[in-house]
Amino acid sequence: MNHDAPASIAAVDLGSNSFHMIVAETTNGHFKVIDRVREMVRLAAGLGPDNNIGEEAITRATECLLRFGERIRDFEPGSVRVVGTNTLRKARNGRAFRVQAEAALGHTIDVISGREEARLIYLGVSHGLEDESDLRLVIDIGGGSTELILGRRFEPVIMESLHMGCVSMSAVQFADGGITARRMHIAELRALQELEPIEASYRNHGWQSVIGASGTNIAIRDVIVANDWSKDGITRTSLEQLCEVMITAGHIDKLDLPGLSDERRPVFPGGVAILLAIFHLLDIEHMRVSSSALREGLLYDLLGRIQHEDVREQTVDGLVDRYGIDRAQSYRVFLTAKNLWQQIGGQWDLVGEACAQSLRWAGALHEMGRAIAHSQYHKHGGYLLAHLDMPGFSRGEQRCLAVLVGGHRRKFPLAEFDTLPELPRGRIEKLCVLLRLAVVLHRRRSETELPDINIKVDEKKIRLRFPGGWLDEHQLTVADLEQEASYLKVVGYKLKFK
């Protein structure tokens, strides 16, 4: 670990059912967990038919995050990772909720995609197991989504996130608390419908072991073991026996099962139905249960970023290869954009490694749309980046990168920038201006180095100064800069050069 690494790191998982916080101390490139906090918030239960989170759920969440914030508010920048999952992916008022939640917690919240959630779950589970070389199937049933991942050692092979979870399934199929054979059958059928499209690809790969993760699987395992239906993990027979006992009880309030907590009881039937469907469809006979999951994966991912082993860099590098991007041209553009940023970053409030990262990634990927067509290639690139699966990136980071690439040439797309949250919007707009200037200056795609270019800014006034006589010898660059000045003028920037 480098000498600037923080002594403590933390991860917060804003799940659809529970909020989790894990705190660890770092030593020599490793971490040791020193604190865990979990609160049942049931954010998904507060999601109304209009997909807005209700006030009661927001209050529960905010009060929980205030308590979490007392523990980690003063942690160093970059030492805390906070992610929101399925409910925040769905919530129409998710942005407004995050503003309130971030104020309570004292740290930024990243909403991650389902597949990114799956990647992080697998990362956490795989680090908690022996370094086995077998292909393993990891199953995580959350409050609003279910992730299935096939992987070997620390690398996922297939990842899927399905739109079903213990909270959502219980709310639809067991809303009044009643548990009957018909309701369990219908719940399992609904789960099978979600699983059906992925069955063939998973079966074709096969696996040697099955591991369950997170609260639902842990709760089911605890009940099964406490009732002596299985000595080691969850078996198909023990799961079916649990289902029969629940049907006999007839109601959630009558589930008097050793190992089942009162807070887990309301969402337990939905979780059992989903796991039954997975066992039956994929012919699973036995599943071990891991204590590690998403939050541990967040810590390992955060540690990787601190140690400059950021999976986002691997993702960008993979896209460069996949779309046949000209690495030399991309690097020239990045170096020039970085040089301009270094001169005026403080004046435009563009400080920190995040700005350099954004320019590096945008520089690397700004021409990816050429793989589709040269005409409007910036728009093609922006669209691809907005919709691709990008391991390591949060939804917000991916959107910012898509807007940067989509806005790097021609008309400045203010409407796209207006879709960004207020905090990153101004930063991304100014970084886009610098990227645009770098692209213009390298339009000839020449290997000849540019001269020293001085840049000064005063709010939205930009002045570029070139060595004496250079512009006279590069009239095409002058024409390109004049055209760029006209594009920027429309959005309030004044570009002057001499």
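Some values worked out for this structure:
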quantity	calculated
Residue list for segment 217-239, filter: touching a residue at least 12 places away in the same chain (Cβ under 8 Å), of a type outside the set (G, A, S) and out of contact with any Phe, Trp or Tyr (no Cβ under 9 Å at 6 or more places or on another chain)	N217, I218, R221, D222, I224, V225, N227, W229, D232
Residue among T237, T248, T216 that alone is over 23 Å from V125 (Cβ atoms), touching an Asp or Glu at 6+ places or on another chain (Cβ under 9 Å), in the same structural domain as C166 (by TED's automatic domain parsing) and assigned to a helix (DSSP H, G or I)	T237
Matching entry among N86, N28 (being among the polar types (S, T, N, Q) and out of contact with any Ser or Thr (no Cβ under 9 Å at 6 or more places or on another chain))	N28
Entirely in segment 1-82, the strands (runs of 3 or more DSSP E) that have 2 or more residues that are touching a residue at least 12 places away in the same chain (Cβ under 8 Å) and within 17 Å of D110 (Cα to Cα)	8-14, 18-27
Only listed residue being touching a residue at least 24 places away in the same chain (Cβ under 8 Å), in a loop (DSSP other than H, G, I, E, B) and farther than 28 Å from V23 by Cα, chosen from L276, L242, L257	L257
Spans of helices (runs of 4 or more DSSP H) in segment 396-498 with at least 2 residues under 26 Å from D326 (Cα atoms)	422-441, 475-490
Some residue of segment 162-181 being polar (S, T, N, Q) and part of a loop (DSSP other than H, G, I, E, B)	yes
Restricting segment 96-140 to residues that are of a type in the set (D, E) and outside any strand (DSSP E or B), the residue that is farthest from V272 (Cα to Cα)	E102
Selection status of G143, within 20 Å of L275 (Cβ to Cβ), assigned to a loop (DSSP other than H, G, I, E, B) and in contact (Cβ under 8 Å) with a residue 24 or more places away in the chain	yes
Test: residue in segment 403-415 that is free of Cβ contacts under 8 Å to residues at least 60 places away in the same chain, surrounded by fewer than 19 Cβ atoms within 10 Å (Cβ to Cβ), assigned by TED's automatic domain parsing to the domain that holds R327 and hydrophobic (A, V, I, L, M, F, W, C)	yes
Some residue of segment 429-436 being among the basic types (K, R), in contact (Cβ under 8 Å) with a residue 24 or more places away in the chain, in the same structural domain as V333 (by TED's automatic domain parsing) and buried (at least 17 other Cβ atoms within 10 Å of the Cβ)	yes
Residues of segment 32-44 that turn out to be out of contact with any helix residue (DSSP H, G or I) (no Cβ under 6 Å at 6 or more places or on another chain) and not charged (D, E, K, R), as a count	4
Selection from segment 219-234 of residues that are acidic (D, E) and in a helix (DSSP H, G or I)	D222
Positions within segment 56-76 being aromatic (F, W, Y) and surrounded by fewer than 21 Cβ atoms within 10 Å (Cβ to Cβ), in sequence order	F75
Every pair of residues 6+ apart whose Cβ atoms lie under 7 Å, when the first sits in segment 439-465 and is modelled with pLDDT of 95 or more while the second is among the hydroxyl-bearing types (S, T, Y) and not in a loop (DSSP other than H, G, I, E, B)	L441/T336; L441/T477; H442/T336; L450/T336
In segment 205-262, the residues that are of a type outside the set (V, I, T), touching a Pro at 6+ places or on another chain (Cβ under 8 Å) and more than 26 Å from L294 (Cα to Cα)	N227, M246
Residue list for segment 216-229, restricted to those being in contact with a helix residue (DSSP H, G or I) (Cβ under 7 Å, 6 or more places away or on another chain) and surrounded by fewer than 18 Cβ atoms within 10 Å (Cβ to Cβ)	W229
Counted residues, segment 396-408 - those being under 25 Å from F154 (Cα atoms) and in contact with a strand residue (DSSP E or B) (Cβ under 8 Å, 6 or more places away or on another chain)	1
Tally of residues being basic (K, R) and farther than 16 Å from L434 by Cβ across segment 350-392	2
Hey, R153 closer than 26 Å to S394 by Cβ, surrounded by fewer than 21 Cβ atoms within 10 Å (Cβ to Cβ), modelled with pLDDT under 95 and not β-branched (V, I, T) or not	yes
Checking Y300 against (1) in contact with a strand residue (DSSP E or B) (Cβ under 9 Å, 6 or more places away or on another chain); (2) part of a helix (DSSP H, G or I); (3) modelled with pLDDT of 95 or more, the condition it does not meet	(3)
Some residue of segment 115-123 being crowded, with 24+ Cβ neighbours inside 10 Å, over 16 Å from L47 (Cα atoms) and aromatic (F, W, Y)	yes
Every residue from segment 7-19 that is more than 15 Å from D301 (Cβ to Cβ) and not hydroxyl-bearing (S, T, Y)	A7, L14, G15, N17, F19
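For every residue, the table says whether it meets (1) among the polar types (S, T, N, Q); (2) closer than 15 Å to G212 by Cα; (3) at pLDDT 95 or above; (4) crowded, with 24+ Cβ neighbours inside 10 Å.
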{"residue": "L129", "(1), (2), (3), (4)": "no, yes, no, no"}
{"residue": "L135", "(1), (2), (3), (4)": "no, yes, no, no"}
{"residue": "E147", "(1), (2), (3), (4)": "no, yes, yes, yes"}
{"residue": "G165", "(1), (2), (3), (4)": "no, yes, yes, yes"}
{"residue": "I186", "(1), (2), (3), (4)": "no, no, yes, no"}
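The values are calculated or read from the model by the stated rules, or taken from the named source; none is laboratory data. Note that this is a predicted model, so its numbers are computed, not measured. When we count neighbours, we look across all protein chains shown, and the Cβ atoms used for this are built from the backbone with ideal geometry, even at glycine.
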